[in-house]
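Reading through the structure tokens given below for one structure.
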Amino acid sequence: MTYPSFPSISPTFGLSKKSAPNIKTVQFGDGYIQRLTFGLNQNAKTWNPVWENISEAQSDEIELFLDARAANNGQAFTWAAPNEPSTSTAWQASTAYSVGDIRKPTTNNETGFYYEVTAVSGSSPYTSGSSEPSWPLKIGTTVTDNEVTWTTVKGSSLYICSSWDKQINYAGYATINATFQEVFEP
């Protein structure tokens with residue numbers, strides 16, 4: 001399924017992120033506590049982006065986008081949070097890579113996955129192949145690309161906007177506060 005992308009209007013710095021891992025605990029009589037993560041996607045993030053003093057046209061673009069998602073049964077959308085890999089980091093052929101490098105496919109990346117170099121082989125510099133690999137679509141899955149092994153990692157996440165508000169403090173300018181909740185869909 002293809003998801004719409006949030007408009008490319010950067011939020012004001014100072015936004016907040018909340019994590020609430022779903023961890024179950026069992027405490028035994030001797031004081032021993034056992035902890036276990038619960039669920040497949042057990043650490044969804046909640047972001048509170050703010051677009052402060054943006055133009056009325058930009059605020060209208062954001063509001064129209066969010067209104068359309070709300071009217072479509074709360075349709076999810078992709079949004080690259082500030083700490084996620086930049087959308088400009090695309091894979092390149094015959095390029096040297098190091099363990100820890102993160103790239104996205106050059107085409108057809110509706111899933112939003114990114115791929116991290118987790119292993120290299122051969123002799124340095126470790127280069128990618130002359131043609132793009134067939135990227136796996138499951139987190140944690142690997143693909144070998146010449147001398148580089150890529151592992152599927154999370155990229156642009158899917159979010160829903162549970163609420164937003166708009167203030168008009170100055171003529172022609174507005175501030176939008178929103179709450180984005182990460183969701184997981186097939």
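A few comments on the model shown:
- Structure-based [θ]222 nm, the chain - -39500 (n - 2.57) summed over DSSP H runs of at least 4, per residue, nearest 500: -3000 deg cm²/dmol
- Note on Ser55 and Thr107: their simple-model spin labels are 3.4 nm apart, each label 7 Å out from Cα toward Cβ.
- Sum of side-chain charges, Ser16 neighbourhood, beta-carbon under 15 Å (Lys, Arg +1; Asp, Glu -1): +1
- In percent, rounded to a whole number, the relative contact order of the chain is 24, using alpha-carbon pairs under 8 Å and six or more apart.
- Fraction in percent of alpha-carbon pairs per bin - 5 Å, the stretch 1-41: 5, 13, 11, 12, 12, 13, 11, 7, 7, 5, 3
- HN-Hα J in Hz across the stretch 165-172 - Karplus 6.51, -1.76, 1.60, θ = phi - 60°, x for Gly and Pro: 9, 10, 10, 10, 8, 9, 4, x
- The modelled label-to-label distance between Ser8 and Ala119, using points 7 Å beyond Cα along the C-beta direction, is 3.6 nm.
- Restricting attention to the chain, lysine pairs at least eight places apart or on different chains and with alpha-carbon atoms under 15 angstrom apart total 6.
- If R0 equals 25 Å, the separation of the Cβ atoms of Phe184 and Thr95 corresponds to a calculated FRET efficiency of about 0.20.
- If R0 is taken as 30 Å, the Cβ-Cβ distance between Arg35 and Val153 corresponds to a FRET efficiency of 0.80.
- Our estimate of slack between Ala71 and Ala171, defined as 0.36 nm per intervening residue step minus the Cα-Cα distance, is 33.1 nm.
- Correct option for Cα Rg over 2.2 N^0.38 Å [calculated from the coordinates] among [x] 1.27; [y] 1.01; [z] 1.35: [x]
- The separation of the stretch 164-180 from the stretch 1-68, counted between C-alpha centres, amounts to 19 Å.
- Extension gain, Ser134 back to Thr25 (0.36 nm per residue minus Cα-Cα distance, nm): 35.2 nm
- Footprinting exposure proxy ranking of Val148, Val183, Val26, fewest other C-beta atoms within 10 angstrom first, gives Val26, Val183, Val148.
- Per residue, the convex hull volume that the Cα atoms of the stretch 85-155 enclose (Å³): 75
FYI, it's all coordinate maths here, none of it is from the lab. What you see is a predicted model, and the numbers here were worked out from it, not measured in a lab. So basically every Cβ, Gly included, is an ideal-geometry build from the backbone, and we count neighbours across all protein chains shown.
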